[in-house]
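Below: the structure, in structure tokens.
The values are calculated or read from the model by the stated rules, or taken from the named source; none is laboratory data. Everything numeric here is computed off the predicted structure, so don't read it as measured data. Cβ placement follows ideal geometry from the backbone for every residue including glycine, while neighbour counts extend to all protein chains displayed. These accessible areas exclude ligands, DNA and RNA; they are computed on the full protein's heavy atoms, side chains included. Shrake-Rupley method; radii C 1.70, N 1.55, O 1.52, S 1.80 Å.
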Amino acid sequence: MLKSKSAMELSKLSLLPFLLLAAVASSVAGDELRTFIVHVHPQESLAFETAEDRTAWYEQFLPEDGRLRHAYHHVASGFAARLTQRELDDISAMPGFVSAIPDQKYTLQTTHTPQFLGLNAPLPGAWTNDTSLRGSGVIVGMLDTGVFPHHASFSDRGMPPPPAKWKGHCYFNGTACNNKLIGARDFTTGNNTAAPPVDDVGHGTHTASTAAGAVAPGAQVCDDTGCSGADILAGIDAAVGDGCDVISMSLGGPSRPFYIDPIAIGTFGAVEKGVFVSMAAGNSGPEASTLSNEAPWMLTVAASTMDRSIRATVRLGNGLYFHGQSTYQPTDSAPAFRPLVYAGASGKPFAQFCDSGDLDGLDVRGKIVVCELGGEVPRVFKGQVVQKAGGAGMILVNQYPQGYDTLADAHVLPASHVDYAAGSAIKLYINSTTSPTARIVFHGTVLGASPAPSIVFFSSRGPNQQDAGILKPDVTGPGVNVLAAWPFPVGPPSSSPPLPGTTYNIISGTSMSTPHLSGVAAFVKSKHPDWSPAAIKSAIMTTADVDDRAGTPLLDEQHSVASFFATGAGHVNPVKATNPGLVYDIAPSDYISYLCGKYTNQQVSVIARRPVNCSAIVTIPGRLLNYPSISITFPTAMNSTMPVIVRRTVKNVAEVPTSYYAAVDMQESLVSVVIYPDRLDFTEPNQEKSFRVIVWPKQRNLRLVQGALRWVSDTHAVRSPISVTFA
């Protein structure tokens, strides 16, 4: 109930002037019903005792019953509803209205990893049989395509009951939920619908099982058509209200200002309430500035390879051979050589991509067909086209942008995905003889592949389009050929699952790296339950590995040294992240100061869920936010003697007394970096110290220079990437 207010008084109060601002809405037909996310703020005298009271107030904005799709209570102040443009125009004139945006679609960003990450080793403070050190009591909320609850990966054997703080629901029947899968809801069907979040896509089951190690409720905010922003916001809202500690979302969309991005709005509210958020960087690489999820309060996760290959070797008739990958591994140990043909030989435009109809008129019966990656044709579908045309096998070859990266897929016929160099040699061989032949030999799982880890071609890259002063992505993790649970069989009918009665799949994407980092965040949270989301993110970033397993710098898909716009701070090191030495913390009020430096009062108020007067706030530009990485942009015309000064503050979270000394890794002939002071002494737990980073270029006509600051003590090395760009 509303405190001391009758229904008539409520009606009058809701019409009193509070905040009248222009609507942000697309131009659509006046009578066409569409879903809009509407942000509204109640006046100060209007107090809600229950969520139902707030929902009742929301409904007063609507022209009739049945239009409300979602009511938001925790991470946004407003609702989603089906409205016409004319109706929205009427609502925008009502007191309390702030802004509205049309609903928009987001996309999914679609084993061996615990060993690869070092989580199987019985190291002090690492992932051991002591459940207190394995994310116990930490709740990870998965927002995805739902979940298949009966998979063996969600067995709760040996797990304690959910934490008492858990307030969520399970809308599966019977005992589908348990002490591991503790909740399940479907937000795609609208407000207050108790529908089970059945995973008909597979993506949600895969990501949820990847983040295993902590209890996990599963929420369906996506289907096979994509993910509605209104549903995503509802999922975040419920995750915060239900008691989640970590939210994991393997989805994203194009870069857009934070005040019209439901994900940015919702995750700000989550972080403000102490919930860590892990987000996919996107799968639009290797082109620059292709990132999703660029807000500084979220962890933006890139994708990298592992040292495992599911090997399928192509052997040519001339004796050359090339290692590739395929999840489908036929049992024929000595397949015969078969005629080899290039799909592009059909003469049809873009036939090399093996789309439907591309092989018509080309004799491929009983032959191995060479198809090229790309052309917006899914990899497995290319094999289906080859199989339908009578082909006996497929060699999938990279184009130049994909470089040396290969992916293992559950193909429907014998196949191998090979890199660009191998593909070029195979096509050269086809053109050099009248009767080219090949066979594909399968070797199963091979460990020790190198380089590993390396940044995969599809992983989206910076710079950050919303703010060049915030270096993104933040970190990278395993996102290539990740084996995890799947709700239904994959591959050809003749193949069998790894375990009787259960199904798994190997897929790739920043969708796969994101739940790995969500699990790591839960791991760190279990060790340090009082740490803020920013402190946990700092710990993950400043302890990340910058070298691969051979000790050489992380490489990209071309086997060139990868830039920070690909790697972020480096590859996650979970064990080190639990003991970082120093952390860069950020208070929610600092994010408000940052937002006030970018946006208007109205726009910041949408994100903050309350009125914000930026004229009364000292603003912080992105480069001065207390971020664990440093990103500076110089105008090209700037005199080389003019420095940029960046201030940072670190908190000691390790033993005392201790001293840290500054070390700078940067090409001094190009850019000078001076740290003042260059020594930090800590005598008390959680003591904070500030320092300045003074940066200036020493040459003209530079484009990009990257290095790092390391604070080094006897026991720790706390590393912050420094990226200097010349606009």
Rg and Dmax of the stretch 344-473, using alpha carbons, in Å: what are they?
-> 17.1, 57
Beyond 20 Å between alpha-carbons counts as too far, so tell me which of Lys598/Lys698; Lys165/Lys527; Lys180/Lys537 fall in that bin.
-> Lys598/Lys698; Lys180/Lys537
Accessible surface of Tyr342 in the full protein assembly, 1.4 angstrom probe, to the nearest 10 Å²?
-> 60 Å²
In whole angstrom, and with the biggest value first, how far do the Cα coordinates of the chain range along each principal axis?
-> 87, 63, 56
Using the heavy atoms of the protein chains alone and a 1.4 angstrom probe, what is the accessible area of the stretch 183-342 per residue in square angstrom?
-> 27 Å²
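Roughly to the nearest percent, how much of the accessible area of the chain is carbon and sulfur, given a 1.4 Å probe? Numbers along the way, then the final one.
On the way: 14560 of 28310 Å².
Carbon and sulfur atoms account for 51 percent of the accessible area of the chain.
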Indicate, rounded to the nearest 5 percent, the antiparallel portion of the DSSP beta bridges found entirely in the chain.
-> 65 percent
Rounded to the nearest 500, what is the chain's calculated 222 nm mean residue ellipticity when only DSSP H runs of at least 4 contribute -39500 (n - 2.57) each, over all residues?
-> -5500 deg cm²/dmol
Starting from the Cα of Val644, step 7 Å along the direction of its Cβ; do the same at Asp678; then give the gap between the two resulting points in nm.
-> 2.3 nm
What does the stretch 541-626 give for Rg and for Dmax, in Å, if only its C-alpha atoms count?
-> 18.3, 53
How long are the three semi-axes of the equivalent ellipsoid for the stretch 329-379, computed from the Cα gyration tensor as the root of 5 times each eigenvalue, in whole Å, largest first?
-> 23, 14, 8
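By the scheme Lys and Arg +1, Asp and Glu -1, what is the net charge of all other residues having a beta-carbon under 15 Å from that of Arg609? It would help to have the intermediate numbers written out before the result.
Numbers: positive: Arg54, Lys273, Arg610; negative: Glu44, Asp237, Asp261, Glu272.
The answer is -1.
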Net charge near Leu251 (other residues with Cβ under 13 Å of its Cβ; Lys, Arg +1; Asp, Glu -1) is -3
Any idea what the dipole of the chain comes to, in debye rounded to 20, about its Cα centre with Lys/Arg Cβ at +1 and Asp/Glu Cβ at -1?
-> 1100 debye
Sorted by accessible surface (1.4 Å probe, heavy atoms of the protein chains only), largest first, Trp696, Trp711, Trp166 come out as Trp696, Trp166, Trp711
Coarse-grained scattering of the stretch 654-727 at q = 0.17, 0.23, 0.25, 0.27 Å⁻¹, given as base-10 log I(q)/I(0) from a Debye sum over alpha-carbon atoms | -0.67, -1.01, -1.13, -1.26
For Ser289, what accessible area in Å² do you get when you roll a 1.4 Å probe over the heavy atoms of the protein chains, rounding to the nearest 10?
-> 40 Å²
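Just the accessible area per residue of the stretch 407-487, please: how many Å² with a 1.4 Å probe?
29 Å²
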Which percent of Cα pairs goes in each bin when the distances of the stretch 224-292 are cut into 5 angstrom slices starting at zero?
-> 3, 16, 27, 25, 16, 9, 3, 1
Net charge, Asn398 excluded, C-beta distance under 14 Å - Lys, Arg +1, Asp, Glu -1 = -3
Over the C-alpha atoms of the stretch 258-365, what are the Rg and the largest Cα-to-Cα span, Dmax, in Å?
-> 22.9, 64
Taking the square root of 5λ for each eigenvalue of the C-alpha gyration tensor of the stretch 412-558, the equivalent ellipsoid has semi-axes, largest first and in whole angstrom, of 36, 24, 14
Would you tell me the accessible area of Glu87, worked out with a 1.4 angstrom probe on the heavy atoms of the protein chains, in Å² to the nearest 10?
-> 40 Å²
Quickly work out the Ala176-to-Met94 label distance, labels modelled 7 Å from Cα along the C-beta direction, and quote it in nm with one decimal.
-> 3.5 nm
On average, how much accessible surface per residue is there in the stretch 541-697, in Å², for a 1.4 Å probe, leaving out ligands, DNA and RNA?
-> 43 Å²
Using a 1.4 Å probe and counting only protein heavy atoms, arrange Asp31, Asp474, Asp156 so the residue with the most accessible area comes first.
-> Asp31, Asp156, Asp474
No Cys partner within the rule (Cβ under 4.7 Å), the chain = Cys244
Heavy-atom accessible area ranking, 1.4 Å probe, most first, across Glu32, Glu557 = Glu32, Glu557
Segment Arg365-Asp714, length gained on full extension (0.36 nm per residue, minus Cα span) | 119.0 nm
